[in-house]
């Protein structure tokens, strides 16, 4: 046990507002700014908005709340936080593997966003003209309206591709889509993407070494920038006539099938960043009695608000496109790649806003900044994890940090193949769901939601309402239902342009998915076996479903107080009485300090008037 008071530990974020900004920046991830936006706007804005919000409220927020509370309660890392159910400590190791995959994925994704941002700054952007493609089959829908209408009619009447491609589609294939494993077993690495990825890695390395605390300033700038972007983007589409006058919609809005609704539910609770342990990492050195309940509600809801607003911009652009083309159906290209809608479709939609490239610039730049900050947070986590595990890293930190960045950069190179990156996106999503299920099951059902509630009462003096208790009980059931639906309707994206292994009868991307899933579960099973062996050798198999002996606050006084803590005393009447006694003592103390002549009375009452300076106990904690 550490002899220093845990409540006096200085938060690394300096102020509580900085901590909330950092937590919000983590929740503005690729799911919030990409996947959820596309899912909501392209499949039916109203119903999928409701599904997304409900998923966040009933699944995501309870997980965030519990992870924040455990982090503040124990100040543990991603592995030791599982001490409430030590059999699952291997899940913590699996989370580290998942974070490495996430870092590689975001490195590639932020590279593509940076490339699109740079090209959007060119006037005109490559998706505004066909001059760079030397292809007579290229067209710009916004300009070649009649050609597009004839092409669309041909596709509808004869159910055949008319052979025309939009400029946005041609540019996407040049930058992302055509770089796949079918061309070569080792993708031909695009030098522009490698240069952009190198720039991102070097920038993160310099900022992490020299200006680590600079991230607190960057996330505030990011918040201001996103709000400004939303104001501009909302003003432009809402001022166009297509948003208000169109009657038909560009897509089939009756497409509320199981797959789209299930995807919205999944994207909803994953958008708050659960399943990785990063939320616990960001929260573990925040003040012991900080208002974690308000943080776990306000921060996710604000990130959801931004997601809905970005989806509203895209939805308004789709309506403008439909109105511009005489309210024709199927005016949006869906593409065959996982990332087609995020890049090609978005660039096409934004081009209908007065034909100005600036809207594409601010859209892609805001996405790049969010992913850049997410990468920064992931690198901070990996750095601190290495420092806790290895003495060599603590002795030579800069050298080890450089090697870490080189490691991530090197392993991200193969994933510039779009088919492999799509598989990586599917794998991280699936593993994130599984990790959330392990956390929810072990905490709410095995450790017990009642014990979890008592820990929270001891920590912040607030009893959980019926809403929290109901969601805690239902959370594992909802997550298991989602996983069951995922397994029954397991849809592995098999690209026709992915390399095919004839001796395995598998595509390259599918094989990669199975390898990633196999490694993850191997780590968890090995951790499970190790814990069983340790408990068997110590002859404690009967206690394997219970927390370890030192589970709880790390500070000695808090740990002893938790052992004798009785939650029944935390009634409203008891708290009011403590406040009245403490307020009365403070008032009397002020009077006695002003009266220099009454020294004897001061000595007699000094023991009664020093509640704030006395040793911490359960009676003065709240």
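Readers should treat all values here as calculations from the given coordinates under stated rules, not as data from a laboratory. What you see is a predicted model; the values in this text were computed from it and never measured. So basically every Cβ, Gly included, is an ideal-geometry build from the backbone, and we count neighbours across all protein chains shown.
Calculate, in nm to one decimal, what residue 174 and residue 522 gain on full extension: separation in residues at 0.36 nm each, minus their alpha carbon distance. Each step should come with its number before you reach the end.
Values: separation 348, 0.36 × 348 = 125.28 nm, distance 3.78 nm.
Contour length minus the Cα-Cα distance gives 121.5 nm.
Between residue 485 and residue 162, what's the calculated FRET efficiency when r is the beta-carbon distance and R0 is 51 Å? Round to 0.05.
Numbers: r = 37 Å, r/R0 = 0.72.
With a Förster radius of 51 Å, E is 0.90.
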With each label point set 7 Å from Cα along the Cα-Cβ vector, what nm distance links residue 122 and residue 145? 2.8 nm
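For the ranges 169-178, 447-456, what's the packing order if you count other beta-carbon atoms within 10 Å of each residue, average per peptide, and put the highest first? Let's see the in-between values first.
On the way: 169-178: 21.6, 447-456: 18.2.
By packing density, highest mean first, the sequence is 169-178, 447-456.
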Near-label residues of the range 325-362 by backbone N, under 17 Å of a point 7 Å along Cα→Cβ of residue 199: 361-362
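How much length is gained on full extension from residue 192 to residue 238, taking 0.36 nm per residue of separation minus their Cα-Cα distance? Each step should come with its number before you reach the end.
Details: separation 46, 0.36 × 46 = 16.56 nm, distance 3.59 nm.
13.0 nm is the gain from fully extending residue 192 to residue 238.
What length, rounded to one decimal in nm, is gained on full extension from residue 545 through to residue 97, with 0.36 nm per residue of separation minus their alpha-carbon distance? Show your work: numbers first, answer last.
Details: separation 448, 0.36 × 448 = 161.28 nm, distance 2.48 nm.
Here the answer is 158.8 nm.
Of the peptides 117-130, 345-358, how do they stack up when ordered by the mean number of other Cβ atoms within 10 Å, highest first?
345-358, 117-130
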I'd like to compare 550-563, 533-546, 366-379, 399-412: which one has the highest average count of other Cβ atoms within 10 Å, and what's the full order after that? 366-379, 550-563, 399-412, 533-546
